[in-house]
Amino acid sequence: MVSFFKQKRQMKQRDAKKEDQGQSKTVDYIESSLSANMEIVKQKTGDSPDIIIRTLKISQDPEIKTTIVYVQGLIDNPSVTDFLIESIMKNPHLSEKILPQKALEVITEDVVSLGGVATVNDWEKLFLSLLSGDSIIFVDGINTALVASTKGGERRSIQEPSTHLTVRGSREGFTESNVTNIAMLRRIINSPDLWIESMKIGTVTKTDVSIMYINGIVKKEIVEEVKKRLKRINIDSILESGYIEQLIEDQVMTPFPTLNHTERPDMVAGNLLEGRVAIFVNGTPFVLVAPALFVQFFQSVEDYYNRFDIATATRFLRIIVFIISVVGPALYVAATTFHQEMIPTKLLVIVAAQRETVPLPAVIEALLMEITFEILREASLRMPKAVGSTMSIVGALVIGQAAVQAGIVSPAMVIIVSITAIASFATPSYSIAISARLVRFAFILCAGIIGFYGMILAFIILIVHLCSLRSFGVPYMSPLAPLNTQGLGDTFFRRPMWAFKERPKLISSKNNLKREGENQRPLPPESRGMKTSTERKGDGNES
Amino acid sequence: MNRKRLVLLLMLMGTTFTSGCWDKTELNEMAIVSAVGIDKNEAGRLVGTFQIINPVNVAGSLQGGGGTNPSISIYRATGDNVLELDSNASTKISRDMYFAHANLVVIGEDVAKEMGINSIFDAFERSPEFRATTRIVIARGVKAKDLVETLTAIDKVSAEKVIKTIESTEKQQGGSITINLQEVIKNLVSSGKEPLISGFTVRGNTNKESKIENTQTSNMAANPNAVGIGVFKDGKLIDWLDGNQAKGTMWVLDRIVNTNVNIDWEGKKDAVTYQVLRQKTNVKPKMKNGKPKMYITVRAEGDIREVNAPIDLASPHGSIDIEKKLAKDIKKDMEDAIKLAQKNKSDIFGFGELIHETHPAYWKKHEKDWDDVTFPKLEAEVQVEVFIRRTGIRNKPYLLDIKKGDQ
Amino acid sequence: MEKAKISGYQLFVLIFLFEMGSALLVPLAGEGKQGAWLVILIAMIGGILLFFVYYALFQYYPNQILTEFVRSILGNFLGRIVAFLYILYFMYLAARVLRDFGETLLTVAYPHVPLFFANAAFILVVIYTVRKGIEVLARTSELFFVLENVLFLTFILLTIVSGMIHLNNLKPVLEINGVEMVKMAFSKTIFFPFGELIVFLMIFPYLNEPQRLKKIGVGGLALSGIFLSFTMAVNIAVLGVDLTLRSQYPLLTLIQSIEVAGFLERLDVYFLLKLMIGGFIKITVFTYVAVTGTANVFNVKQPSRLAYPVGFVILLVSIVIASSYSEHIQEGLSAVPVYIHLPFQVIIPLLLLIIAYFKNRKKSNKHQQHKTELKGGVEGK
């Protein structure tokens, strides 16, 4: 185990070296004069009022000036006041006479009662620490500063996630803080093999980005690929993991997500255990998971918590739901304008009667209704919650009642659009639901131009496109294509927990595929069942 | 490269949008034809009657209201062939006639008898729009137009009514035969089988059938009825099978589903009613002295439904007696049907096909003169086995007790 | 040659779908009457024999595609000409299938659509796929294989449920005698679809497990042959010989006569889907092969750039190839097998095999010497 750590540290050091080499060679060092240093601090931060500079005096004869600099709101108030300011002011060591050169040492070793303390001497690093919530202690006459870890401040507490809701399973959701998020994972996977690597991305924002994987399960090439792509990023800001997602995707021209994101720690843990890599971005509760496969977007963590038969049934339902949400309206358009022969006569007569007064062609009707629905959805997302109920009333009345009664749209169309809408909400992953929405319009257009022929062409293009996608080198449609019979057990089916023998082949490391021991299948107790038992007595539970 | 792609895309979009949507038909631009009737006028030209659904009236009545307006409209056209009928009719209709839902083709008796049906069906078969499963009936005793025009009560569209009636008649009585376009054509083409097509007529006041009042009384003045099965030879209608002849034919054809069979008992007519639940007819040709002979075996299972004679059903003897009598009656019906077909020189049973399948060499020799020479002389042996499985929820008929009391 | 690898299963699936392609739709071996299914099976055996010829060629040049090893066998000049002829042959076949397909579409569902538009829309999809390369095509066909089989199963199920199968229609099996059957199988059915397997000489080298090729090829041919034969048998069992022969598309007629529970009727769309999946794989394989072949013969660095021009040529050829559907079919039935399929599928490969045999006999002697030397060297170390 130790060797793992070593390796990791070495790797990190190597990376750090590389980074150093990469950056500008002129490094600004801290001056020894306190006032000069303060000037620089003020000048660099534009004398912002939230940068607090607190000057104290320590030692006697000569008095040494010490300054504590921190950013209001980023620090943990009690630790700064209690463990920093108070201890410096009241510490008996400091009231004695100290050599100015030794002052910093004394403060570090005897005074500051905080965990993380380090020294820095260049401004670049100093500001990075300062602006991420550390407190900096300058001592007059010394050209090194002390960085005390006092990160804290107001943050959202851990709450139930608002996406990927489940009935059963952990109620914890990620927060905006990387530290908290990583700790949550540590709490789930208590293994030293859970490795984390951090980097700062964004020339201005300097956002903390960490990648996490389980050494030994993950495929080395995938980790390397993720790191390579992250290093390539040269952008001023990273405000959300979506920035990263769009900058490291395999293919840009596709409506389908090739990275998964989630708010649930248990989902990340499950993915890590299959050999995937998680990317944490500070400032967002959405953690990226790579590589992502098509089938994954139809899976929910709850599938693994429920029994396999139920999970399999739900997964099939989701596939049907996805198909409906993609082709629903297109099917209606194609069937009613091109292929009336395939509708049963009675149904056709009913639909025809409804359409009798509708002035628009079916395609236009479908597009109109779909767009109206999209408007409604978008509006209800962005509006203040108080207006929401008004929205739904207006929507229901205008679209559901008035439009039908006026004869502008047919009731059948309303039914189709509503079913599609419900279907698109029932897809477990939001990102694939958005893709379905986009693709749906393409299908409607194709159906409107040339009926089923157009739809089948669109379908073929869709399949070819999906097959051509890769996520971090892994074919997007695997394990369906290329087919992997072992992997099929966790696609639209979910094999029973006792039969999950292997991790996904294309994602996990090849030498560590085994997931569970032999004979995991639970069996009824020996004394039960139709068998000739040598025992004369049962186990006393006979009814 | 990007500009090229853009140009290509624009070209593609241009071609699709400027040329429009070729085969698009909105539902409110089409007239859904539900039935086609074909008659002949005095001049010998075809007269087509097209029954078109008025969706609003049909759907309205399905939803509970409606019923005040007729659910169908009728258009007529004259022409020399079927397609001409179609194009001539379109001068009278504001919409395109759409035939994919035409479930019924009615052929006038005079057309079937005099012109034959051979020349009618090609247009129906060739068109990708027309269904292969369209049912065919012959208007017996009336014009095809009378049948197509009739307004009916429960099934708003009379085409539906006709189809359902034939199906239920076939099932309950064995007096009709459901046959679709594809089967008719197959039989017309085959040299070893001739088609059978059900007859249909309008009973009652034939002037009222197209009036809305017809559907507004509980006792309809004009009501379409299934009557008999038409026998064809060389594409022409030559005879009608009614009652027991039709039943016998259906027995031979193995198309009986759950027919009631009535037998006389000790001089009392139709005293016992037996309902067939399962049956299987096997027809096997065997060569004897270089000549084929048909062996037809029937095995029927069923229940006793009505006994108006004092028979003790509780004892197996009673049942066996009835079984024997039933077998005899069915056998007679079948033999009569075969004899009639031989008299008509029309192989409606497909014996020829069977011989083709089993004795191809013999068939090759006799294919040409099958209908006229070989078939009429064909020997057939019928064996019928009837089993009574259950007798309903009573064992002995109460008549037996009444008789006893009288004594 | 592309830098790509496909697995044995993928190749198998590709062969299967390719063979099923357009052969499923036409009355294949229709003149065999009640014994059509038998004719197909006989032709399938012939196809397997042909496959062994191709396999032998592949074994001499396991890393070269057809257009490449033709040059190795015949020398650069003559080889280039033959390779070019093969490219034309593949393009012609692509155009034929495209035409078949467009005509079917127009007959069945879209009488007013111009043939050019129907074909153009389709070839664009094909071009899109060809540009993605063989790996994507192989993966796509894996998915379509499942879809195709699901469709096939539902079709069989629906046919059985609607009670239309009359096995008597298949009697007498030997309506035409055995000799005629063999003659028919080896003069027509063997070329279409089984002999068309020759295009796979352009794809075999991508296989990542060449040692299994023999099994894969025979398996693919056998399975597709059985499926085709079975479909034809069902067609005849339901429709009878007369109607099957009179139908342009027996399968369509069959599907149209399905009637289950008064609800599942007129499943033409199902036919359309089946038709398009088969047609798509077949045309794409031909086009892909034409593109890589051209790139190979003319040393084009980026084969995907050729997709548009080659596709466009195929589109134009598919339009001008015949003026009517009957002309198109007549060409396909009488002229093409004798004048085009026979030389390209049988005569040239056989000649190539003979030349390759003599060429490689000399070489292999040397080679074996070389090998033993090498072995000795290794052991010496």
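Looking at region B:242-407 alone, DSSP beta bridges between its own residues are antiparallel in about 65 percent of cases. Cα centroids of region A:452-514 and region C:57-115: 32 Å apart.
Taking region B:208-323 as the region of interest, what is the percent of Cα-Cα pairs per 5 angstrom bin, listed from the shortest bin to the one with the maximum distance? The distribution over region B:208-323 is 2, 9, 12, 13, 13, 14, 13, 10, 7, 4, 2, 1, 0, 0, given as percents. Pairwise Cα distances in region C:15-355 exceed 36 Å in 17 percent of cases.
Taken over region B:28-241, the ratio of Cα radius of gyration to 2.2 N^0.38 Å equals 0.97. Running Debye on region B:242-407 with equal point scatterers at the Cα sites and no solvent, what base-10 log of I(q)/I(0) appears at q = 0.15, 0.16, 0.19 Å⁻¹? Each listed q maps to, in turn, -0.81, -0.89, -1.11.
Leaving ligands and nucleic acids aside, the C/A contact buries around 2600 square angstrom of accessible area in total at a 1.4 Å probe radius. Averaging the inverse of every distinct alpha carbon separation and then flipping it gives the Kirkwood radius. What is it for region C:110-259, in angstrom units? Kirkwood hydrodynamic radius for region C:110-259: 18.7 Å. What the phi angles of region A:396-413 give under the Karplus curve with 6.51, -1.76 and 1.60, with θ = phi - 60°, is a coupling list of 4, 5, 5, 7, x, 9, 4, 4, 5, 5, 6, x, 7, 10, 8, x, 4, 4 Hz, glycine and proline written as x.
Pairs of Cα atoms in region A:28-148 fall into 5 Å distance bins, from 0 up to the last occupied one, in shares of 2, 12, 24, 26, 20, 11, 3, 0 percent. Taking amide H atoms as placed 1.01 Å from N in the peptide plane, the amide H of B:Arg131 lies under 5 Å from those of B:Ala102, each 5 or more residues away in sequence or on another chain.
Take every DSSP beta bridge whose two residues both sit in the protein assembly as shown; close to 75 percent of them are antiparallel.
Residue pairs exceeding 22 angstrom between C-alpha atoms, taken from B:Lys284/B:Lys325; B:Lys113/B:Lys161; B:Lys164/B:Lys247; B:Lys286/B:Lys364; B:Lys284/C:Lys171: B:Lys284/B:Lys325; B:Lys113/B:Lys161.
Per residue of peptide A:133-139, the mean number of Cβ atoms on other chains within 10 Å of the residue Cβ is 0. With bins 10 Å wide beginning at 0, the percent of Cα pairs of region A:306-471 falling in each bin runs 10, 33, 35, 19, 4, 0. Counting Cβ atoms of other protein chains within 10 Å of each Cβ in A:474-484 and taking the mean gives 4.
In order along region B:384-397, the Karplus-derived 3J(HN,Hα) couplings, from 6.51 cos²θ - 1.76 cosθ + 1.60 at θ = phi - 60°, round to 10, 10, 10, 10, 9, 8, 9, 10, x, 8, 10, 9, 7, x Hz, and Gly and Pro are given as x. Summing Lys and Arg as +1 and Asp and Glu as -1 over all other residues whose Cβ lies under 14 Å from the Cβ of A:Ile371 gives a net charge of -1. For chain B, the longest principal axis of the alpha carbon atoms and the long axis of helix B:2-19 meet at an angle near 70°. Partners of A:Lys42 within straight-line reach, counting lysines whose Cα lies under 29 Å from its Cα and excluding those fewer than 8 residues away in the same chain: A:Lys25, A:Lys57, A:Lys65, A:Lys90, A:Lys102, A:Lys125, A:Lys151, A:Lys200, A:Lys206.
The ellipsoid that matches the Cα gyration tensor of chain A has semi-axes, each √(5λ) in whole angstrom, of 56, 33, 23, with the longest given first.
Each peptide in A:170-179, B:78-87, A:381-390 was scored by the mean count of other Cβ atoms within 10 Å over its residues; highest first, the order is A:170-179, B:78-87, A:381-390. When the C-alpha to C-alpha distance is required to be over 23 Å, the pairs from B:Lys236/B:Lys343; C:Lys214/C:Lys362; B:Lys288/B:Lys324; A:Lys228/B:Lys4; B:Lys143/B:Lys236 that qualify are C:Lys214/C:Lys362; B:Lys288/B:Lys324; A:Lys228/B:Lys4. Residue order by solvent-accessible surface for A:Lys505, A:Lys227 is A:Lys505, A:Lys227, largest first, with ligands and nucleic acids left out and a 1.4 Å probe. Semi-axes of the equivalent ellipsoid for the protein assembly as shown, computed as √(5λ) from the eigenvalues of its C-alpha gyration tensor and ordered from largest down, come to 75, 42, 33 Å. Relative to the longest principal axis of the Cα atoms of chain A, helix A:178-188 runs at roughly 70 degrees. Taking the protein heavy atoms of region A:306-471 in the context of the full set of protein chains, the accessible area attributed to carbon and sulfur is 79 percent at 1.4 Å. Over all other residues within a Cβ to Cβ distance under 11 Å of B:Gly230, the charged ones net out to 0, with Lys and Arg as +1 and Asp and Glu as -1.
Inter-chain Cβ neighbour count for C:265-278, averaged per residue, equals 5 (cutoff 10 Å, partner chain atoms only).
Within straight-line reach of C:Lys132, meaning a Cα separation under 18 Å, sit the following lysines at least 8 residues removed in sequence or on another chain: C:Lys3, C:Lys5, C:Lys282, C:Lys301.
Mean residue ellipticity at 222 nm, helices only, chain A: -13500 deg cm²/dmol; runs of at least 4 DSSP H residues each add -39,500 (n - 2.57), and the sum is divided by the number of residues. Against the main long axis of the alpha-carbon atoms of chain C, helix C:115-132 sits at an angle near 40°.
Karplus-derived 3J(HN,Hα) values for region A:127-135, using 6.51 cos²θ - 1.76 cosθ + 1.60 with θ = phi - 60°, are 5, 4, 5, 4, 7, 9, x, 7, 9 Hz; glycine and proline are entered as x. Here region A:178-292 is treated as a Stokes sphere of Kirkwood radius computed over C-alpha pairs; at 25 °C and 0.890 mPa s its diffusion coefficient rounds to 174 µm²/s.
Between B:Asp264 and B:Asp270, B:Ala271, the built amide H atoms are under 5 Å apart, and every one of these is 5 or more places off in sequence or on another chain.
The values are calculated or read from the model by the stated rules, or taken from the named source; none is laboratory data. Note that the structure is a prediction, hence the values are computed from the model and not measured. As a convention, Cβ positions derive from the backbone with ideal geometry for all residues, glycine included, and neighbour counts pool all protein chains shown. Surface accessibility is based on the protein's heavy atoms, side chains included, excluding ligands, DNA and RNA. Shrake-Rupley method; radii C 1.70, N 1.55, O 1.52, S 1.80 Å.
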